[in-house]
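Just so it is clear, none of the values below were taken in a lab; they were calculated from the coordinates. A quick note: this is a predicted structure, and the numbers were derived from the prediction, not measured. Please note: Cβ atoms are built from the backbone with ideal geometry, for glycine as well, and neighbour counts cover all protein chains shown.
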Amino acid sequence: MTTVFDENRLKELAESDHRVLEAFYRRMRDLKDLISGTHDDYASEGVPPSFDKVQALHLLSTEIFDELERYLIPACDPEVAVNPVEREH
């Protein structure tokens, strides 16, 4: 009995993974820019960031982490992970 991967399904999964990782990268870049801006403002003005800015950082980082966790847990957790898409011939 031979196991053959369904090439179309694997391509769909790869494209889906790429879209998720690209979106994650963009969100992380936004977070980095917000943190860098906050740091630069504080370094130049000596005034700590407002609570609104700290709250925005907190919410953005929480959203990014939650999205990444939803994506990674099914792929990485041995109790949740599913076998790769395969078809028997």
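Values for this structure:
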read-out	value
Residue selected from the range 8-60 under the condition over 22 Å from Tyr71 (Cα atoms) and surrounded by fewer than 10 Cβ atoms within 10 Å (Cβ to Cβ), by the criterion nearest to the chain's Cα centre (by Cα)	Asp52
Count of the range 46-79 residues which are closer than 20 Å to Lys32 by Cβ and of a type in the set (D, E, K, R)	6
